[in-house]
Amino acid sequence: MAKRVHQPREDAEFDFVLRMSAAPVLAYFIGAWPKAIEPCRVMDRVVAAVADEYTGRLTAVRTDITRCPAATERYGITGAPSYVLLTEGEEVARGAGPVTVADLRDLLAGHL
């Protein structure tokens, strides 16, 4: 996992990262149940690559659904992997399922 990807251990830490980030935040939600593990691993690599590419322009937050239930509920996450792009705390884009680096760049286009 890239150093540029935050991994909050609880909702309070998730909220702290959101408040402290001057850049847009890509919160991507992962799950540990059997059908989610491999797609989430794919997204780990994709998000790490994009976080490295957009250093200083994007804050990436890997959010475990079971560790951050309030954040999961707040953003209406019903499956993993899912991702929400937040600018100044407001949702500006969202997606779900494993995607490519190019797909994630497309989601971010116009928001960074």
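Laboratory data are not the source of any read-out in this text; all were calculated from the coordinates shown. Keep in mind that this is a model prediction, so the values were computed, not measured. With ideal geometry, Cβ positions are generated from the backbone for all residues, glycine too; neighbour counts draw on all protein chains shown.
Below is a table of values for the structure above.
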read-out	value
Residue ID - nearest to Gly31 (Cα to Cα), chosen from residues in the stretch 89-102 that are without any contact (Cβ under 8 Å) to a residue 40 or more places away in the chain and out of contact with any Asp or Glu (no Cβ under 9 Å at 6 or more places or on another chain)	Ala96
Given (1) under 24 Å from Asp11 (Cα atoms); (2) under 13 Å from the mean Cα position of the chain (by Cα); (3) surrounded by fewer than 18 Cβ atoms within 10 Å (Cβ to Cβ), number of the condition Gly56 does not satisfy	(2)
Single residue of Ala71, Ala36, Ala32, Ala48 found to be out of contact with any Lys or Arg (no Cβ under 6 Å at 6 or more places or on another chain), in contact (Cβ under 8 Å) with a residue 60 or more places away in the chain and more than 15 Å from Leu107 (Cβ to Cβ)	Ala71
